[in-house]
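Worksheet for the structure shown next.
The values are calculated or read from the model by the stated rules, or taken from the named source; none is laboratory data. In this text the structure is predicted, and so the values were computed from the model without any measurement. For neighbour counting, all protein chains shown are included, and Cβ atoms are generated from backbone atoms with ideal geometry for every residue, glycine included. These area figures cover heavy atoms from the full protein model, side chains too; ligands, DNA and RNA do not enter into them. Shrake-Rupley method; radii C 1.70, N 1.55, O 1.52, S 1.80 Å.
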Amino acid sequence: MFTPIEGRSVLVTGASKGIGKGIARVFANAGAKVLIVSRTLSEAQATADEFNSAGGTASAFSADVNDLDAMTAAANEAASRHGGLDIVCPNAGIFPQATIEDMSPQEWDEVLGTNLRGTFISIKACLPHLKKSDCGRVIVTSSITGPVTGFPGWTHYGASKAGQLGFIRTACIELAKYGITVNAVMPGNIVTEGLEGLGEDYLATMANSIPLKKLGVVDDIGNAALFLATKEAGYITGQTIIVDGGQILPESLEALEEA
Ligand code: NAP
């Protein structure tokens, strides 16, 4: 049995929908106090309202993870509304597709800006509060795409997701002196609004390439994040957990078909 997370204060970026919402819901259901951050305030507020109606403690804040001042304001709000800040989950991310031949430098910068620079900014903004916690946690949403696998059209995305892992391996050393752990969850294909935007064919092909023969759900990622946030996970830092239904493992199509 893990020590309850009840009463801990959590900030999740990109939490109005998708994986961030799943992470935030799992924490809210476990009794944590959650700040839902996204750019669109109405959507963040609707998510917070949903959690509060279910008995949770959640509130909303509009901020762009590219903006250090806005994220500092978000972190300060989390601390003042919820009596401190123990856990930050840099999760906001975008995954537009473009081949190298078609991609503009601006498109590259936008993806690296939100996914990688946004991770750094979210952590930097929360750090003054995390340092005061006796159980500081950083839990980054990376991906299998980039660190382990590749997919045409996602060179910028893959670079950003692999970059997050490079980032946490030094961040965990820098922040160890404050008792803060820094880890990442690496989702496979998880059903979200963003993923559904890639189309039915993509979803069906992906489900078929996964040993468990189904896409993941957002709470699968939330549950892995919740584990990393527990007191009992306090000796784990600089590490990753892949949550992908076994997707990265088959050596070939035959390996899947013969099973
Ligand atoms: P999603 O459904 O498109 O949701 C994205 C969330 O991020 C929304 O809340 C969005 O709200 C917010 N957001 C986007 N840009 C932002 C910015 N600049 N500042 C603040 N918030 C921002 O995406 P998802 O599928 O849940 O993906 C979430 C994370 O999981 C990403 O980091 C992605 O790389 C990772 N991931 C997803 C999958 C998957 O299968 N879905 C797999 C591996 C990894 P606003 O637009 O209102 O800001």
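Taking helices (runs of 4 or more DSSP H) as the structural unit, those lying wholly within region 1-91 and holding at least 2 residues that are of a type in the set (Ser, Thr, Tyr) correspond to 41-53, 68-82.
Going by the conditions given, is Leu226 outside any helix (DSSP H, G or I) and not aromatic (Phe, Trp, Tyr)? When the stated conditions are applied, Leu226 does not pass them. Among the numbered conditions (1) touching a residue at least 24 places away in the same chain (Cβ under 8 Å); (2) surrounded by 15 or more Cβ atoms within 10 Å (Cβ to Cβ), the only one that Leu203 does not meet is (1). Residue check: Val148 meets all listed conditions (1) open to solvent by less than 20 Å² (accessible area, probe 1.4 Å); (2) closer than 23 Å to Glu110 by Cα; (3) in contact (Cβ under 8 Å) with a residue 40 or more places away in the chain but one, namely (1).
Residues in region 23-30: is at least one open to solvent by less than 40 Å² (accessible area, probe 1.4 Å), under 22 Å from Leu130 (Cβ atoms) and within 13 Å of the ligand (Cβ to nearest atom)?
yes
Per-residue answers, yes or no, for (1) within 10 Å of the ligand (Cβ to nearest atom); (2) assigned to a helix (DSSP H, G or I):
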{"position": "Gln97", "(1), (2)": "no, no"}
{"position": "Gly113", "(1), (2)": "yes, yes"}
{"position": "Ile123", "(1), (2)": "no, yes"}
{"position": "Asp134", "(1), (2)": "no, no"}
{"position": "Gln164", "(1), (2)": "yes, yes"}
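When region 166-200 is filtered for residues that are touching a residue at least 12 places away in the same chain (Cβ under 8 Å), open to solvent by 80 Å² or more (accessible area, probe 1.4 Å) and either within 12 Å of the ligand (Cβ to nearest atom) or under 18 Å from the mean Cα position of the chain (by Cα) (or both), the ones remaining, listed by number, are Arg169, Glu193. Of the residues in region 233-253, not one is of a type in the set (D, E, K, R), assigned to a helix (DSSP H, G or I) and surrounded by fewer than 21 Cβ atoms within 10 Å (Cβ to Cβ). Among residues belonging to region 51-75 that are free of Cβ contacts under 8 Å to residues at least 24 places away in the same chain and farther than 25 Å from Gly163 by Cα, point out the one that is most open to solvent (accessible area, probe 1.4 Å). Ranking the candidates gives Ser53 first.
Glu107 - would you say it is open to solvent by 40 Å² or more (accessible area, probe 1.4 Å) and free of Cβ contacts under 8 Å to residues at least 24 places away in the same chain? Spelling it out, it is not the case that Glu107 is open to solvent by 40 Å² or more (accessible area, probe 1.4 Å) and free of Cβ contacts under 8 Å to residues at least 24 places away in the same chain.
Let me confirm something: among Gly222, Gly188, Gly238, Gly199, which residue is small (Gly, Ala, Ser), in contact with a Lys or Arg (Cβ under 9 Å, 6 or more places away or on another chain) and farther than 17 Å from Ala24 by Cβ?
Gly238
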